[in-house]
Structures are given as structure tokens and as C-alpha cells.
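What follows draws every value from the coordinates through simple rules; no lab data is involved. Everything numeric here is computed off the predicted structure, so don't read it as measured data. Cβ: placed from backbone, ideal geometry, glycine included. Neighbour counts: every protein chain shown.
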Amino acid sequence: MRKVYYNLTRKLAVFLPIFLALHVAAGAATAQQQAPLKTSALESHEGLTISALPWTNPALYKEKFHKKSPYAAGIVALQVVFRNDSDDSMKVNLERIRLNVTLSEEDHQALDALTSEQAADVILRPSLKNLGRSRFPIPIGGPKIGRDKKWVEMEQELREAGVRASIVAPHSSVQGLLYFDLQSQFDLLSNARLYVPDIVALEKNHGLMYFEIDLSQVGSQ
């Protein structure tokens with residue numbers, strides 16, 4: 001009897017720490033997977049959930065951008081997740097996404113998302129960036145200036161961190177960064193809304209109702 005009891009106790013002593021470690025690890029992994037939706041502002045309907053999290057902490061940019069930070073140049077990155085829980089593929093028109101900001105009671109602006117090329121121009125050309133940027137709206141375009149190795153590296157980092165696909169397969173997600181030039185007026189995010197007007201369920205050829213995500217709700221989910 002003693003021998004049986006001793007063996008059982010020794011097995012439990014070995015098994016319990018392993019079980020507890022696996023349980024804690026599983027819980028941490030689940031929390032990590034759910035974190036983007038819990039800390040972001042989000043809206044969900046017709047099988048699609050869009051979450052948006054403005055990166056207002058300069059430290060968040062260090063992992064993606066090794067030399068120049070978009071934030072230091074007055075650009076905010078919005079981490080967005082398009083989660084499709086339906087049986088239909090969804091196509092998101094990324095070019096029509098806008099960031100709606102309020103400058104005053106009479107002055108509202110809808111800002112275009114910057115392409116990786118436009119963002120690189122703003123980040124690496126301070127003299128060009130400050131010219132004509134004293135007030136919204138942001139002028140897009142302008143003359144093309146020679147682009148060196150630093151510009152190529154910056155554009156590549158921006159592109160790789162951005163939203164790289166416009167079609168979200170059934171029961172899957174697409175995520176990445178959208179860039180908006182706020183001219184360092186990051187306080188505008190306190191009452192900003194991310195407007196996503198053009199999404200189509202491809203198999204049904206059905207347009208979804210627009211999404212308007214209230215960024216003032218960030219952190220309250």
C-alpha cells in the first residue's frame with residue numbers, strides 16, 4: 001500500500017506543474033489573440049467586424065519602423081482588422097476609407113489614407129512636408145522628386161506594415177496599418193471616426209452598409 005501511494009504521489013507531483021503551466025500558457029495565448037478587439041474601437045454587422053486602434057504611443061512604431069517613425073513626422077498609424085465571420089468573401093475598397101475629423105463646429109474634414117509612397121514623402125522630406133501643410137485639408141500629389149535608398153527602405157517598411165489585401169476570405173481576417181497625416185494634431189483622434197463606405201460580399205454581389213467606427217471608444221471595449 002505504501003508503495004502504491006508513493007508512486008501515485010510522485011506522478012501527481014510531476015504531472016500537476018506541467019498541467020498548470022499548459023493551462024496558464026493556453027490562457028495567455030487566448031488573451032493575446034483577443035487583445036486587438038478588446039483594446040480597439042470596433043463595429044460589426046452582416047458578418048463582418050472592423051476594429052481600429054490608433055497608435056498614439058511612439059514606442060509602438062519601433063518594431064515596424066527602424067530608422068524613421070511616421071509618428072514623429074505627424075502621421076498616425078491606425079491598426080485595423082477586418083474579420084469575416086460569414087461564408088462569403090468580402091472585398092473592401094481601401095481607397096475609399098476616410099478618417100473624419102472635427103476641427104471646429106463649422107469645420108469637418110475627411111482625410112484620405114496615405115499610400116506608402118505618399119507617407120514616405122512626408123516622413124523623409126520635412127521641407128516639402130511643411131510647405132502648404134499649415135491647415136487641413138492635406139494636399140495630395142505634387143512634383144516627384146528623386147528617391148534615394150533611404151526612401152526606398154522607408155516605403156518598403158510602410159508597405160509591408162500596411163493593409164496588403166483588399167479581399168477577406170470567409171472565416172478569416174486581414175489586418176495592417178492605415179496612415180493618416182494629422183500634422184501632429186493627434187488630439188483630433190479624440191472625436192475622430194474611421195469611415196469605411198464600400199464593402200461588397202462577392203458571391204452574393206451584395207453591398208454592405210457602411211461602417212463608421214468611433215475612435216473615441218478606444219480602450220472601452
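If I model a spin label at ASP187 and HIS45 as a point 7 Å from the Cα along the Cα→Cβ vector, what separation in nanometres do I get?
Going by the 7 Å Cα→Cβ label model, 3.3 nm.
Can you list the residues, at least 5 places off or on another chain, whose amide H is less than 5 Å from the amide H of PHE211, using H built in the peptide plane?
Here the answer is VAL196, since their amide H atoms fall under 5 Å of that of PHE211.
Which distance in Å, rounded to a whole number, links the C-alpha centroids of region 39-85 and region 159-190?
Between the Cα centre of region 39-85 and that of region 159-190, the gap is 5 Å.
Can you list which of the GluC sites (Glu not before Pro) found in region 70-109 are DSSP loop residues with at most 16 other C-beta atoms within 10 Å?
GLU105, GLU106
Using 0.36 nm per residue of separation minus the Cα-Cα distance, give me the extension gain between SER166 and LEU103 in nm, one decimal.
So the extension gain works out to 19.6 nm.
How many nm separate the modelled label positions at HIS206 and GLN175, each set 7 Å beyond the Cα in the direction of the Cβ?
Between HIS206 and GLN175, the label points sit 2.7 nm apart.
Say the cut-off is 29 Å between C-alpha atoms; which of LYS62/LYS91; LYS64/LYS91; LYS68/LYS91 go over it? Don't skip to the end; give the middle numbers.
Working: LYS62/LYS91 31 Å; LYS64/LYS91 26 Å; LYS68/LYS91 32 Å.
Beyond 29 Å: LYS62/LYS91; LYS68/LYS91.
How many nm is it between the label spots at LYS91 and ASP148, if each spot is 7 Å from the Cα in line with the beta carbon?
It works out to 4.2 nm between the two label points.
Given the Cα-Cα distance of ALA72 and ASP198 and 0.36 nm per residue of separation, how much length would full extension add, in nm?
My answer for the length gained is 42.3 nm.
In whole Hz, what ³J(HN,Hα) sequence does region 52-66 give by Karplus (6.51, -1.76, 1.60; θ = phi - 60°), x for Gly and Pro?
9, 10, x, 8, 9, 9, x, 5, 5, 7, 5, 5, 8, 10, 8
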